[in-house]
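The values are calculated or read from the model by the stated rules, or taken from the named source; none is laboratory data. For clarity, every value in this text was computed on a predicted model and none was experimentally measured. Neighbour counts run over all protein chains shown; Cβ positions are idealised from the backbone, glycine included. Remember, those area values only see protein heavy atoms, side chains included, never the ligands or the DNA or RNA. Shrake-Rupley method; radii C 1.70, N 1.55, O 1.52, S 1.80 Å.
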Amino acid sequence: MALSLALGAGTCSNHATDTPAVDAFFAHVEARDGARWLEEEADDHIATLADNDALALAHRALTHADADVRLYGLGLLYRFGLNDEADAAAAELLIRGDDLAGLGWGWLHSGDPTLLETRLDGIRAALVRRLPALPAERRQAAEAFLCTGQEACAEPPGE
């Protein structure tokens, strides 16, 4: 099942409430070896943060210019058990075009045979709620995900 479409996201410009530990995370990911650090060391850094700092980091990460950082932030929301918020954020990332296949792989191999479909159902529901407000080009991307890769839905989902 495809979990990807195409996005361009900006970075959030106001981080006045972020702590030095949150700022340090972004300094690491924006460094020359940031991709390696994100993959190999970010979880250790997150483990040192208070929950409110980790949550602030997750929200900031969702607006980052790097798709891997956005995906990491999304994963943090799911780790915190904020499934409804994470599903809505995942829908937004899909509408913009981010590839969420890595999360899908993780859900498929989580050991919970229902997790993948549960998460996909949540993301689909969030997409359906957003459909009426989407411009045509973004609506098309959302429908492509909702129609599981078919050329076009016979009827747009949820209508």
Diffusion constant of the range 71-152 at 37 °C, which comes from Stokes-Einstein with the Kirkwood Cα-pair radius and 0.692 mPa s, µm²/s: 254
Approximate spin-label separation His59-Ala125, in nm, with each point projected 7 Å along Cα-to-Cβ: 2.3
Accessible area expressed per residue, the range 15-90, with surrounding protein chains retained (probe 1.4 Å, Å²): 50
Chain lengthening between Ala35 and Ala47 when straightened (0.36 nm per residue, less Cα-Cα): 2.5 nm
Formal net charge of residues neighbouring Val29 (Cβ-Cβ distance under 9 Å; K, R +1; D, E -1): -3
Förster-model FRET efficiency, 25 Å R0, Ala21 and Asn83, C-beta, rounded to 0.05: 0.50
